[in-house]
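Worksheet: the structure to be examined is printed underneath.
The values are calculated or read from the model by the stated rules, or taken from the named source; none is laboratory data. The structure displayed is predicted, hence computed values, not measured ones. With ideal geometry, Cβ positions are generated from the backbone for all residues, glycine too; neighbour counts draw on all protein chains shown. These accessible areas exclude ligands, DNA and RNA; they are computed on the full protein's heavy atoms, side chains included. Shrake-Rupley method; radii C 1.70, N 1.55, O 1.52, S 1.80 Å.
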Amino acid sequence: MRCMVCFNEVPNGVDVCPCCGFTQYDVIGDTKEALAILGTMADKHRNVFLKKYDLGVNIFTWKDKDGTIVLNEKKRISFGTCDTMQKNTVWLESQFARIPDISEQSVELSVIKSGEPEKIIEVKIPALKEAELQKLGAEMNDDLTVSLVLKNDTSQTKSNPVSIL
Ligand SMILES: [Zn+2]
């Protein structure tokens, strides 16, 4: 059956979800009341679980060195923890220059689960057409996948959902 918290498949006979640690309760009867209580418990557990995940992007800056452009610095900017991204787009404060003539913007999505090494996921977002500065946002979908969003003053595009758990 599917875990009510992270929606991963939990094998039959397993009591605790291997992904998020939510106890898989057997309920006698199918009362609406029991389902409502379980739903509330699942929402609470999901919030705590998602706080363990910090999402960010790796940004690269370049500089001119004796006429050649060289990598200056790679730094991670955080969107914050995933619990803030449920039904909500979190935008980075910085604005980014747009690279002309590309059809997709590649982004290094960085996932840090507390106590574990950084996981990097390459995400492609359809490029914006307008020659304007752009902002980068992250939002969590109902199935706990994440989509990255690019916007400028005129339009907005979104990546395919990626699995981060
Ligand atoms: Zn789970």
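Restricting the search to region 119-132, which residues are at pLDDT below 95 and either open to solvent by 80 Å² or more (accessible area, probe 1.4 Å) or closer than 21 Å to Asp83 by Cβ (or both)? Listed by number, the residues that qualify are Lys129, Ala131.
Conditions (1) more than 13 Å from the ligand (Cβ to nearest atom); (2) at positive phi; (3) touching a residue at least 60 places away in the same chain (Cβ under 8 Å), marked per residue:
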| position | (1), (2), (3) |
| --- | --- |
| Val10 | no, no, no |
| Cys17 | no, no, no |
| Gly21 | no, yes, no |
| Lys32 | yes, no, no |
| Phe49 | no, no, no |
| Leu55 | yes, no, yes |
| Asp64 | yes, no, no |
| Arg76 | yes, no, no |
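Looking at the structure I just gave you, is Ile69 surrounded by 11 or more Cβ atoms within 10 Å (Cβ to Cβ) and at pLDDT below 95? Taking the combined requirement at face value, the residue does not satisfy it.
Yes or no: Thr84 in the same structural domain as Cys6 (by TED's automatic domain parsing), hydroxyl-bearing (Ser, Thr, Tyr) and not in a strand (DSSP E or B)? It is false that Thr84 is in the same structural domain as Cys6 (by TED's automatic domain parsing), hydroxyl-bearing (Ser, Thr, Tyr) and not in a strand (DSSP E or B). Taken over region 90-118, the residue count meeting the criterion of being touching a residue at least 24 places away in the same chain (Cβ under 8 Å), open to solvent by 50 Å² or more (accessible area, probe 1.4 Å) and part of a strand (DSSP E or B) is 2.
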